[in-house]
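The values are calculated or read from the model by the stated rules, or taken from the named source; none is laboratory data. Being a predicted model, the structure only gives us computed values, none of them experimental. Here the Cβ positions follow ideal geometry from the backbone for every residue, glycine too, while neighbour counts run over all protein chains shown.
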There are 2 protein chains.
Amino acid sequence: MTTSTGGRLLTPGEVASLFRVDPKTVTRWATAGRIGSIRTPGGHRRFREAEVNQLLAELTTDAERP
Amino acid sequence: MTTSTGGRLLTPGEVASLFRVDPKTVTRWATAGRIGSIRTPGGHRRFREAEVNQLLAELTTDAERP
DNA sequence: TTCCATTCGGGTAATTGGGGGA
DNA sequence: GATGTCCCAATTACCCGAATGG
């Protein structure tokens with residue numbers, strides 16, 4: 001069962017601060033499937049810290065993907 | 001067998017940590033009927049771990065692709 | 001019994017979601 | 001093609017005092 005990573009979750013505002021973008025942009029990333037997200041029963045999104053950090057690392061590494 | 005779902009019970013604070021929300025928010029979910037809850041004789045709420053985990057799984061959008 | 005963190009209630013700010021357009 | 005900003009409705013977060021749990 002690898003469904004629950006058990007890692008900490010971040011709010012859209014926290015992720016937006018890390019990337020220095022608007023929270024709406026983070027929402028678009030989630031909608032486009034670029035980043036996994038968990039929804040509360042009320043519809044608000046939460047993001048996995050580990051996944052966010054990995055995405056941040058890829059950006060700062062200037063990694064290129066085909 | 002048993003009609004009692006003998007799963008572990010979680011406190012509002014524990015459920016709140018799993019979803020990264022305020023314990024009061026979990027209380028609203030219970031009031032709105034979005035999640036089943038048990039009340040102690042004193043009025044405090046308890047939640048079934050199995051139901052919480054299933055809810056987490058349903059609301060999780062995994063985008064992990066190695 | 002006392003002690004202390006947690007969870008009741010309510011009420012009021014702050015975020016978030018979704019659509020649309022610059 | 002991807003972001004930021006404006007609108008409004010819904011959801012969530014923080015405030016308090018009082019009660020419960022272990």
What are the residues in the range B:1-21 that are among the aliphatic types (A, V, I, L, M) and either in a helix (DSSP H, G or I) or at pLDDT below 95 (or both), if any? B:M1, B:V15, B:A16, B:L18
Can you tell me which residues in the range A:22-63 are under 27 Å from B:T25 (Cβ atoms), of a type in the set (D, E, K, R) and assigned to a helix (DSSP H, G or I)? A:K24, A:R28, A:E49, A:E51
